[in-house]
Amino acid sequence: MIHPLQPTRRQLFAGAALLAAPALLTLPRRAMAAAPLQEATGPVPFHRFMLGSYEVTTLLAGTRPLENPQETFGLNASPEEFAAAAEAAFVPVDVSQNFFTPTLVNTGEQLVLLDTGLSPEGISAAMNAAGYAPEQVDVVVLTHMHGDHIGGLSNADGPVFANASYVTGQVEFDHWAAAGNEGFDGKVRTLADQMTFIGDGDTAAPGVTAILAAGHSPGHMAYRVESDGKSLILIADAANHFAFSIPHPDWEVRFDMDKAAAAETRRSLLGMIAADRLPFIGYHMPFPSLGYLETAGDGFRFVPASYQQMLPSFG
């Protein structure tokens, strides 16, 4: 039994520590080197989720800055209006970051690639990072013929997707076939014998249905991907920037070939997505390029996807 006035072992140790503390405080501190800075990282080049029984993967096939974005995304907006839109979206007014995002759909029976990015190197690297090889692609679907969508089709050795068939819109193909365009002639025309040509409402691949979305180009297509009652819309280039084209669908975009028709398409297609509360993928939206839309004022607001695709109710 410990006497009430006799210190316990814990008290003895505590006292010893207190007596030693001044000596410890007077010891010289060892100089610590600062932790080296690490390089800033970009996004992982793929993002995968389930849509019903389909596996959907967005592929970052390239990204680059664009100076003076109003010269591209807001031709008919005043500088004050454009600056206000940039400020509202927390992005600078003098530079934007552009993303190039093909989409891979694995139906369980076929591997379907929608658009091919700027270059064969870009799409191949993104696919490899996602665990796929270009030769595994069964069907390549082209939304339209601009260079950043057809650029990955071939390299010096020939077609990148050596085992694939190809699908595109008849109107789009016919326009570029008559245009004398070097990119189309080098990348697409040579594959014509392997192509199936479709129109609005036609099936491009299992569960993948064409939606005519003309204006950006004459036969520009969006696509609905549907599995087990879950739907997703790929808008391609119907809207090109989350801060400018989506909130202000009437703002003219430099690369829209028919600017009035493109604005009408934006209002119609984005309005349908917002009304039906559907997820969508935008080819040039901030990666992973997946989100939702809500009506806001005279336009729409981009709502980036968070954890919806992790839940059974997604879509």
Residue count for segment 134-193, restricted to those that are basic (Lys, Arg) and under 19 Å from Thr101 (Cα atoms): 1
Selection within segment 171-208 - more than 17 Å from Val112 (Cβ to Cβ) and β-branched (Val, Ile, Thr): Val171, Val188, Thr190
Residue pairs meeting the criteria (Cβ under 7 Å; at least 6 apart or on separate chains; first closer than 15 Å to Asn155 by Cβ, in segment 117-142; second among the charged types (D, E, K, R)): Gly117/Asp148; Leu118/Asp148
Helices (runs of 4 or more DSSP H) completely within segment 1-95 that count 3 or more residues being at pLDDT 95 or above and touching a Phe, Trp or Tyr at 6+ places or on another chain (Cβ under 9 Å): 70-73, 79-88
Index of the failed condition, Asp185 passing every other in (1) in contact with a helix residue (DSSP H, G or I) (Cβ under 9 Å, 6 or more places away or on another chain); (2) within 19 Å of Leu232 (Cβ to Cβ): (2)
Boolean, Ala222 is at pLDDT 95 or above, within 22 Å of Thr107 (Cβ to Cβ), in contact with a helix residue (DSSP H, G or I) (Cβ under 9 Å, 6 or more places away or on another chain) and crowded, with 18+ Cβ neighbours inside 10 Å: yes
Pair list, Cβ under 9 Å, 6 or more apart: segment 173-191 residue farther than 23 Å from Asn163 by Cβ and modelled with pLDDT of 95 or more, other residue among the small types (Gly, Ala, Ser) and surrounded by 19 or more Cβ atoms within 10 Å (Cβ to Cβ): Asp174/Gly219; His175/Ser217; His175/Gly219; Trp176/Ser217; Trp176/Gly219; Gly183/Gly151
Residues satisfying the stated conditions in segment 45-62, i.e. in contact with a Gly (Cβ under 7 Å, 6 or more places away or on another chain) and surrounded by fewer than 20 Cβ atoms within 10 Å (Cβ to Cβ): Gly52, Ser53
Residue in segment 277-315 that is surrounded by the most Cβ atoms within 10 Å (Cβ to Cβ), counting only those that are free of Cβ contacts under 8 Å to residues at least 40 places away in the same chain, farther than 12 Å from Pro249 by Cβ and more than 17 Å from the chain's Cα centre (by Cα): Glu294
Flag for Asp115 being in contact with a Leu (Cβ under 9 Å, 6 or more places away or on another chain) and either charged (D, E, K, R) or more than 22 Å from Met145 (Cα to Cα) (or both): yes
Flag if Val137 is within 20 Å of the chain's Cα centre (by Cα), at pLDDT 95 or above and of a type in the set (Val, Ile, Thr): yes
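The values are calculated or read from the model by the stated rules, or taken from the named source; none is laboratory data. Given the structure is predicted, the values throughout are model-derived calculations rather than measurements. No Cβ is skipped: glycine too gets one built from the backbone with ideal geometry, and neighbour counts run over all protein chains shown.
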